[in-house]
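The values are calculated or read from the model by the stated rules, or taken from the named source; none is laboratory data. Given the structure is predicted, the values throughout are model-derived calculations rather than measurements. A quick note on method: Cβ atoms are made from the backbone with ideal geometry, for glycine too, and the neighbour counts reach across all protein chains shown.
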Amino acid sequence: MTSIESTDVLIIGSGFGGAIPAYHLAAGGARVTVLERGPWLRGEEFDHDFLLGSSYTRIFDFVVGDGMSVLGGNCVGGGSVVYFATMPRAPRFVFERRGSIGRRMWPTSISRDALEPWYDRVAEALPITRQTWDKIPYAGGLFAAACQHAGRTANPAPSAVDVEMCTNCNWMMAGCRFDAKRSLLLNYLPAALAHGAEIRPLHEVQRISHNADGGYRVHYRIVDGEDYRILHDEGAIDAKLVIVAAGAGATPVILQRSEPELGTMPHAVGRYFSGNGERLNTAVFDEDRVRDVLGLSRPDGRAYEAYQIGRGPTVASWDRLDGSLPEFERYSLEQLYFPPGLGTILAQAPDASGPTWFGVDKKEMLRRWQSWLTIFIMSEDDNEGVFGAPPETGNAHRFSQQMLGHGPLSYRPTENTRRGWALADADIKDILERDGLSRVEPWTNDLVGAYTVHPLASCRIGDDPATSALDDRHELRGHPGIFVTDGSAVPGALTVNPAFTIAALAERAVPAIVRAAQERGVSVSYGAPSPDGSTSGRRAVLAR
Amino acid sequence: MRPNDSEHDPERTLVLEAFADTIIPGEKRFPGDRSVAGVSAGGGAVAAGAVELLENPAGGLAEGLDSLVFSLNDHAREYAVAHDLELDPTVPPFVALPFDHRTALVADLTGPDHPEKQMWVGLALFSNMAFDSAAHLRTSEALTAGHPGLLTIGYEQPQADGIWRFESFSYGRQLADLHPDTTATGSPA
């Protein structure tokens, strides 16, 4: 018989939604156990290598659904280990969005103003800093110059990268071996460990069940460290309180699978999924025009040819983040790098005479890869995603040893979503093709559907029980003592990179989780400083 | 790699090569190369090691390759009948298709409404990955060995320790006006 362990708070997932409460609860005196389905890698274990089985495929998950494919983290530290660390705050109008439900999507208690002190806490903890033009990589500079040429503005985006340590290697999706990217491995997680929290990698939670004392039992399987298709022993841990933070592609699946034992889930569990309105376009630049029209040249005389150099997205254009524009027509445009392999197959060759994503013309496009510039659209989609029946285990049928699987998410973009994408595509064309600078095409949605690196809203907060799974304290409706604090709690698309907002919401959720833990007899208090001991963020939120 | 170097059925290898060559075409490797159509200068997916990657069990396609090849040849036969083409019986049907017809068939199989789309997209994805990321090889070693895909895309060489660092990375100056509503923290308002 399997022995059952126990803890005060069991946290599923170690990304922003898991690491932040893990730290505060452990620092406040609770016994905290974090179960993470992925491996635990650090520092120089993050490879510069595309070889199957290197960190690039071990810590990163690509789940193909029906009409939507989701990329996410799969390791201790979650998305923070694989992300690009671009950290803008969500614009004010986002919190007033109504989507297609006829009422404000966000809880009344949350606005940009209300969230600012929580953003500040995260900014202090990681930290997040403004970026300066003198450290913007060539690709960001090229996008900025093209925006300026087209009469647009462009901003270096705030970032959680320490640019003094960064080598601009652009391997950050495989994890940062230089510790320049301020992932959770460098702040909240070590601080949680220092306060006694336990983190168990390769523990994939399958379901949650009730205990007679009002607590919960969390059931997991051990994932093979090399071939994730193989699951080993199972086990279970009892907890007084459970925090689900497995990511927006997995949290609703765990809850759905638990429904036979936990009882009916709120309607919004596994519905209203948003891909953050994401879409990509790739331009191939004419190097001579870059020099002649934009006046750009590198020290070695080349105009650009620097797609590979940098640290993901560094410059964004926010001209369409205008609250006076109609909903579904607002978006940001962000320069982006995406590595070869996954980052080239969907790009379409401009002016192709035959197929656009493969064949002769595509190969010619690939010859000019260093002259590519990829532009990331983050728009307002319509929360169209719905999760079907859960797979037998995990959140996907794993196809490859690592990284690639097929999941139950389906997504049919509405006219609203498609209108935003079409407007953004046209805008990008206008900016980047002006005066013969480049030729640009959107990525095809024909192969794997739409795609997102920022899955959101599949178990969201709100005031309306019919359209939100969580109340505004992130507690799962009808299931007291279960909280959800990851990207699935965000009500909808944010028009910018969401990690900072996910983290700020997780910070904001902690005081109520601490109170719930106290009510369940856990000896815990709220009020820890920032993971490095700084206290200005704590003073600001405690003053409220 | 010569087709008959494979431990597998040489006809199966020919078909996989012909598919990979349709995704990222290359030049013929030797006189009489049947699987590589030779419509593009320089190495393509085949020279880049597509078959080796497809046969790697870690990828997930290896166990299904026999049935994929069987099915692809079936589709090629049907295609030939529909388009009134006579196929050379000395090579597998898909290999016997001229390049433009291979292309048309692959476009159909990977089209949004094709019931088998997922598996053909998978085959295309791995063919592409062999070319532009050499996922069956250590990246730094692949570059040293002159991997045709990484060289074609112009992937930069790492430093001596096999790690990429770029000392020169920035134009070093402001290149656009900031959005007027930018906040003190650098975010949109």
Within the range A:109-118, of all residues that are free of Cβ contacts under 8 Å to residues at least 40 places away in the same chain and within 12 Å of another protein chain (Cβ to nearest Cβ), the one surrounded by the most Cβ atoms within 10 Å (Cβ to Cβ) is A:R112
Per the filter on the range A:133-180, residues without any contact (Cβ under 8 Å) to a residue 40 or more places away in the chain and over 22 Å from the mean Cα position of the chain (by Cα) are A:W133, A:D134, A:K135, A:Q148, A:G151, A:E164, A:M165, A:T167
Reported set for the range A:243-265 where residues are farther than 18 Å from A:F387 by Cα and crowded, with 24+ Cβ neighbours inside 10 Å is A:I243
Can you say whether B:V39 is surrounded by 14 or more Cβ atoms within 10 Å (Cβ to Cβ), within 12 Å of chain A (Cβ to nearest Cβ) and more than 27 Å from A:L52 (Cβ to Cβ), as far as the supplied structure shows?
yes
Of those in the range B:176-189 that are within 11 Å of A:T153 (Cβ to Cβ) and of a type in the set (A, V, I, L, M, F, W, C), the residue nearest to the other protein chains (Cβ to nearest Cβ) is B:A176
The correct count of residues that are in contact with a helix residue (DSSP H, G or I) (Cβ under 9 Å, 6 or more places away or on another chain), at the interface with chain A (Cβ under 8 Å from one of its Cβ atoms) and part of a loop (DSSP other than H, G, I, E, B) in the range B:105-123 is 2
Picked from the range A:387-403 (must be surrounded by fewer than 21 Cβ atoms within 10 Å (Cβ to Cβ) and in a loop (DSSP other than H, G, I, E, B)), the residue nearest to the other protein chains (Cβ to nearest Cβ) is A:F399
Residue count, the range B:124-171, condition more than 7 Å from every other protein chain (Cβ to nearest Cβ) and of a type in the set (S, T, Y), comes to 3
| said: Looking for something under 30 Å from A:Q256 (Cβ atoms), out of contact with any Asp or Glu (no Cβ under 8 Å at 6 or more places or on another chain) and within 14 Å of another protein chain (Cβ to nearest Cβ) - is there at least one such residue anywhere in the range A:169-178? | reply: yes
ask   = Is it fair to say A:S69 is closer than 30 Å to A:D319 by Cβ, within 14 Å of chain B (Cβ to nearest Cβ), outside any helix (DSSP H, G or I) and hydroxyl-bearing (S, T, Y)?
value = yes
Among (1) at pLDDT 95 or above; (2) within 26 Å of the chain's Cα centre (by Cα), A:G521 falls short only on (2)
Only one of A:R121, A:R152, A:R182 is more than 8 Å from chain B (Cβ to nearest Cβ) and under 21 Å from A:R92 (Cα atoms), namely A:R121
Review point. Is the range A:27-35 home to any residue that is in a strand (DSSP E or B), out of contact with any helix residue (DSSP H, G or I) (no Cβ under 7 Å at 6 or more places or on another chain) and over 20 Å from A:F399 (Cα atoms)?
Key: yes
Note on the range B:60-92: residues among the polar types (S, T, N, Q) and within 23 Å of the chain's Cα centre (by Cα) are B:S67, B:S71, B:N73
When restricted to A:G323, A:G312, A:G225, the only residue under 22 Å from A:R37 (Cα atoms), under 25 Å from the mean Cα position of the chain (by Cα) and in a loop (DSSP other than H, G, I, E, B) is A:G225
Reported set for the range A:517-544 where residues are in contact (Cβ under 8 Å) with a residue 40 or more places away in the chain, within 21 Å of A:I461 (Cβ to Cβ) and out of contact with any strand residue (DSSP E or B) (no Cβ under 6 Å at 6 or more places or on another chain) is A:Y526, A:V541, A:R544
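For every residue, the table says whether it meets (1) of a type in the set (S, T, Y); (2) within 26 Å of A:A160 (Cα to Cα); (3) in a loop (DSSP other than H, G, I, E, B).
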position: A:Y451; (1), (2), (3): yes, yes, no
position: A:S468; (1), (2), (3): yes, no, yes
position: A:L494; (1), (2), (3): no, yes, yes
position: A:N497; (1), (2), (3): no, yes, yes
